[in-house]
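A short worksheet on the structure shown next.
The values are calculated or read from the model by the stated rules, or taken from the named source; none is laboratory data. Predicted model only: the values in this text are computed from it and were never measured. Every residue, glycine among them, receives a Cβ derived from its backbone with ideal geometry; neighbour counts consider all protein chains shown.
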Amino acid sequence: MSMNIAIDGPAGAGKSTIAKRLAKNLGFIYVDTGAMYRAMAYYFLQNGIAADDEAAIAAACPKVDVTIAYENSEQQVILNGGNVNGVIRTEEVGNMASATSVYPVVREKLVELQRQLAARADVIMDGRDIGTCVLPDAQVKIYLTASSATRAKRRFDELVAKGISCDLTEIERDIIDRDYRDMHRETSPLKQADDAVLVDSSAMDIDEVVAAITKVYERAISA
């Protein structure tokens with residue numbers, strides 16, 4: 001039986017960074033759900049389907065198979081048997097993914113594919129609704145959060161390091177607004193699953209967060 005770890009939490013909590021580190025340490029597959037949306041968007045583009053043609057998108061979804069594999073420790077995104085790593089990071093594909101991810105039929109298809117992947121492999125998945133909706137039976141569920149001030153400072157430092165001018169107060173305001181939208185959206189709102197372990201990383205570095213979640217995982221497998 002496969003082992004699944006679900007990590008949910010608000011924007012800027014460090015979910016992807018932590019999930020990737022844990023996957024490497026534990027030998028799990030990190031499921032990059034964003035890459036899966038991009039692969040599906042690439043399929044639509046390749047087949048001349050417009051972003052606003054919901055009927056055509058719905059008709060195309062059953063023809064799409066997307067999965068994640070690893071070769072030489074590198075993530076490979078496989079679309080209908082072909083590796084699309086080199087083509088899904090373009091601006092065009094990103095815009096298409098953003099436009100088509102709003103359709104319930106796209107989300108339903110990708111959740112189905114993500115569940116199939118989780119059923120046959122040890123996976124770590126992060127997002128807003130992994131433990132509550134996508135993998136409700138995951139053996140380990142983490143709700144990773146940090147104060148809005150901490151998350152804003154992390155984002156501010158990232159942008160400054162890239163030479164981008166920004167305002168810390170404005171970044172925190174945007175984070176608070178996004179939290180509200182994520183927690184109050186109609187479909188799959190962000191919330192802590194009843195059986196998720198809360199990890200607040202406000203006063204922790206990456207190594208400390210990884211260690212804390214690893215302990216939760218070890219307790220789960222020993223039980």
If you go through the range 92-110 one residue at a time, do you hit one that is on the phi > 0 side of the Ramachandran plot, at pLDDT 90 or above and polar (S, T, N, Q)? no
Being loosely packed, with under 11 Cβ neighbours inside 10 Å and assigned to a helix (DSSP H, G or I) is the filter here, so list the residues in the range 181-192 that pass it. H184
Selection status of A212, farther than 19 Å from L26 by Cβ and of a type outside the set (D, E, K, R): no
Is it the case that the range 78-85 has a residue that's of a type in the set (A, V, I, L, M, F, W, C) and over 22 Å from the mean Cα position of the chain (by Cα)? no
Sole exception among (1) out of contact with any Ser or Thr (no Cβ under 6 Å at 6 or more places or on another chain); (2) surrounded by fewer than 16 Cβ atoms within 10 Å (Cβ to Cβ); (3) in a helix (DSSP H, G or I) for V210, by number: (2)
Scan the range 1-57 residue by residue and report those that are under 21 Å from V134 (Cα atoms) and acidic (D, E). D8, D32
It is to be established whether one or more residues within the range 133-140 are crowded, with 21+ Cβ neighbours inside 10 Å, modelled with pLDDT of 90 or more and of a type in the set (S, T, N, Q). no
What pairs come up if the first residue lies in the range 145-161 and is at positive phi and surrounded by 18 or more Cβ atoms within 10 Å (Cβ to Cβ), the second is part of a loop (DSSP other than H, G, I, E, B) and at pLDDT below 95, and their beta carbons are under 9 Å apart, counting only those six or more places apart or on different chains? none
Do you know which residues across the range 1-36 are among the hydroxyl-bearing types (S, T, Y) and either surrounded by 24 or more Cβ atoms within 10 Å (Cβ to Cβ) or closer than 23 Å to D137 by Cβ (or both)? S2, S16, Y30, T33
